[in-house]
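A quick write-up on the structure given underneath.
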Amino acid sequence: MEMKAQTAPLRAPSVVLAEFETAHDVLHAAEKVREAGYVNWDTHTPFPVHGMDRAMGLKDSRLGWIVITCAITGLTTAFVMMHWMNGVDYPLNIGDKPGGAPGTLPSMVPIMFELTVLFSAFGSVLGMLHLNRLPRHHHPVFESDRFRRASDDRFFISIEAEDPKFDLHKAKALFEGAHAAHIEVIEEEVS
Amino acid sequence: MAYWEPITEIGEVPLVQPKSSLAEVTEDIARVTEKRAPLGWWLCFLLAATFTGIFTLCVSYLFYRGVGVWGNTSPVYWAWDITNFVWWVGIGHAGTLISAILFIFRQRWRTAINRFAEAMTLFAVICALIFPGIHVGRPWLAFWMFPLPNQMTIWPNFKSPLIWDLFAVGTYFTVSLLFWYTGLIPDLATLRDRSMTKWRQRVYGFFALGWRGSNRHWQNYERAYLILAAISTPLVLSVHSVVSMDFATSVIPGWHTTIFPPYFVAGAVFSGFAMVETVLLIARSVFKLHRVVLMRHLELMNKFLLLTSMLVGYAYAMEFFIAWYSGDEYEMAHFLHNRPMGPYWWAWAWMVGCNCVVPQIYWSKKMRTNIPVMFVVSILINIGMWFERFVIIVLSLNRDFLPSAWGLFRPTIIDVGVFTGTIGVFFTFFLLFMRWLPMVSMTEVKATMAQADPHRPEGGHESHPVAAHGALGAHGALVPEGAE
């Protein structure tokens, strides 16, 4: 057995990938996959398809919570920075206006606003990447040559073998019943 | 009626040439980055690179000799440098306006131009940031502008609008870059998946971050895009408002005006749209993007130019009215005499002529849809908007309160070289962008097409086969530069 494993490593399916020709087909196929009770599955489309979140039964994105945290941090940072620098550490009295809050609060507004926006922008981009677990340059679906069209004009559904309900034949039958144009099984070496 | 269908009753036409397939859109946009650059690109690039060279020479000389090589002198200490800064920042505004504000208002026609305009924003803001950087006199000490601990243990004065400006423009550049890159990720994945060479796959693949079009990702991605648009909308309005406060918080007649923030924002959008149009018309003809950049887009942009031209014209008129209505003799001397009849009357005439008079031809549909006319008008508007900043800055400074302090500003050859040089820098960046990155958002254009609608009874079937447009159509048949 050991010798055999070295010459020809064992391979097992890791992902079943179904290709669809239209947004309509992939949307209805996604509904069927969700109804079949799968958890570790996904759709891959060249653009966000209307109604797909509902078809897949996804919960609302949590990104807003990350961004609001960043926004409040930005606002506070700007206020504390200006108040401390011009009002506490080296008080600057210019035109008989004291350096710190509350006297100079109006002139702090522009920078408080800018840093709120700046922190929120970083929060939304980095938060989005974090929620999506990107960057991730290796993924089983990239093994498929046909998958290249997922960023062009084809629509895909992948079911991962990790899914507790995963059964190769059932998954294939499900896709066949959902008008898949092509079904592919991606295999992975088993260590 | 589906959301993607044009409302024919009010004369709308489709956003993408009818009967285009998804693959054709990918092909049209992505092939620009894959084939050899057309001759037109090389000619433009050589010209732009020449001016970038002139810029480098002039700035090197400036650093060697000091800002005295410019024409700035008493009483005009702010001249072309700040004029150019405001001009470039203004041009940058259209990008965020198109990508954020039109996104929030669900103006779906923006998809043809938003990537373009966002790239323009970045490069224009880079050009803008050069000017305060080199105007400080000792550019190697430019970091003094930042609130950093230093040996004098003092901090910037946060009551100064100049430091607000630093934060506003810096934030604007950073947020625009993030917005632009976020929009690029799915398109970079398309380029990665189409790549025929190893290095293309690696480079585009690296920046695509492993994007696989997953709907779980699209969900967060769309939310991120919406949030970025939502926060960029007040940001874009704030940036030029803050720039205008550099002037409005002073007491100089011609600067001390409460109308400045909205007036500057309107002018910024006006000049930005004009610049987008200039560059778009060149790119459309050089790279043959007639399938995605339609006359409808251009006509809508011209309507926008007409609107913003009148906003700017209103602001000019209001400045005159308030100068007279205030009864302040310095204000009246500035607006009613120095601007239209002073030594720089011709600059004022260029400003009014290009910004208020010329765009009026867009009341005519024939003119709005005439490509040579819109090319000339878009350039005239940018000239006019440059003169607007010149009028505001130099004309306000050259005649101070005391006639004994009056003086005239005369630009030097270095002024001219630095300014035209930044135009070269801008176009050099832009041409490289057009050559190596998808200049129209493929993802967003596809999402506006009939095939993107999953609820169509016929299931969004492609209206005609992929291979219908010659050798470039099918995937395997594509032979990009260097693939052999």
Additional length obtainable on full extension of the chain from A:Thr77 to A:Ala181, 0.36 nm per residue less Cα span: 32.0 nm
Using alpha-carbon coordinates, inclination of helix B:215-248 to the longest axis of chain B, degrees: 20 degrees
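Counting other beta carbons within 10 Å of each Cβ, put B:Arg138, B:Arg368 in order, fewest first.
Placing the least packed residue first, the sequence is B:Arg138, B:Arg368.
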Ordering of B:64-77, B:434-447, B:90-103, B:344-357 by burial proxy (mean other Cβ atoms within 10 Å per residue, highest first): B:90-103, B:434-447, B:344-357, B:64-77
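Can you figure out the FRET efficiency of B:Trp363 with B:Ile322, using R₀ = 25 Å and their beta-carbon distance, to the nearest 0.05?
Working: r = 28 Å, r/R0 = 1.11.
Calculated value: 0.35.
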Lysines with Cα under 16 Å of B:Lys446, excluding same-chain neighbours fewer than 8 positions away: B:Lys19
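To the nearest 0.05, what FRET efficiency results for B:Trp406 and B:Tyr64 with a Förster distance of 35 Å applied to their C-beta separation? Could you put the intermediate results ahead of the total?
Details: r = 32 Å, r/R0 = 0.90.
For B:Trp406 and B:Tyr64, the calculated efficiency is 0.65.
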Selection from B:Trp70, B:Leu148, B:Val236 lying farthest towards where the dipole of the protein assembly as shown points positive, charges on Cβ: B:Trp70
Mean separation of Cα contacts under 8 Å (6+ apart) over length of chain A, as relative contact order %: 50 percent
Cα long-axis angle, helix A:105-131 against chain A (0 to 90 degrees, to the nearest 10): 10 degrees
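Can you give the Kirkwood hydrodynamic radius of chain A from its Cα pairs, in Å with one decimal? Walk me through the intermediate numbers first.
Values: mean 1/r = 0.0482 Å⁻¹.
Answer for chain A: a Kirkwood hydrodynamic radius of 20.7 Å.
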On Cα atoms only, tilt of B:22-34 relative to the major axis of chain B in degrees: 60 degrees
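Sort B:209-216, A:142-149, B:282-289, B:243-250 by the packing proxy (mean of other Cβ within 10 Å over each peptide's residues), most packed first. Numbers along the way, then the final one.
Details: B:209-216: 22.1, A:142-149: 17.0, B:282-289: 18.5, B:243-250: 20.6.
Answer by packing, highest mean first, reads B:209-216, B:243-250, B:282-289, A:142-149.
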Likely footprinting exposure, B:Tyr172, B:Tyr330, fewest C-beta neighbours within 10 Å first: B:Tyr330, B:Tyr172
Theoretical gain in end-to-end length, B:Ala349 to B:Glu222 [0.36 nm per residue, Cα-Cα removed]: 41.1 nm
Cα→Cβ-extended label distance, 7 Å offset, between A:Leu126 and B:Leu307, nm: 3.7 nm
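Just so you know, all these numbers are worked out from the coordinates, no wet-lab data involved. No experiment lies behind these values; they were computed from the predicted model shown. Counting neighbours? That spans all protein chains shown, and the Cβs are built from the backbone with ideal geometry, glycine included.
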